[in-house]
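Structure first, commentary second.
Throughout, read-outs are computed from the coordinates displayed, never taken from laboratory work. Keep in mind that what you see is a predicted model, and the values were worked out from it rather than measured. Virtual Cβ from ideal backbone geometry, glycine too; neighbours counted across all protein chains shown.
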Amino acid sequence: MSDSFAYNTQQAKIQGLSVQVGELFANLYKKHGEDSEDSLRALEAYKSLRRLLPRENKWDGESRHIGATAAHKATQGAM
């Protein structure tokens, strides 16, 4: 339960930032393409933020970081 955003405001803030940076990446990618330095930097920032969050199923080899669905949708311009 400690991995829930309801109990950890720091993780909730990181999740919010990762969604925002994911949206920024999507916009830069659409505007400048995949080889743009800005797009690549935004993608690296997004990945770094996501790595700060714990995984949903710590013992599962295929586990994803909490909040992965919302963060992924942001990178696809789906939010």
State, to one decimal in nm, how far the label point of residue 73 lies from the label point of residue 10, with both points 7 Å from Cα in the Cβ direction. 2.8
Can you compute the radius of gyration and Dmax for the stretch 9-75, using only the Cα atoms, both in Å? 12.5, 39
Order the peptides 42-54, 12-24 from the highest to the lowest mean number of other Cβ atoms within 10 Å of their residues. 12-24, 42-54
Just to confirm my numbers, what's the Cα centroid distance between the stretch 36-57 and the stretch 7-33 in Å? 8
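Over the stretch 9-75, what is the mean sequence separation of C-alpha contacts under 8 Å (at least six apart), divided by residue count, expressed as relative contact order in percent?
Details: 66 pairs, mean separation 28.3, N = 67.
It rounds to 42 percent for the stretch 9-75.
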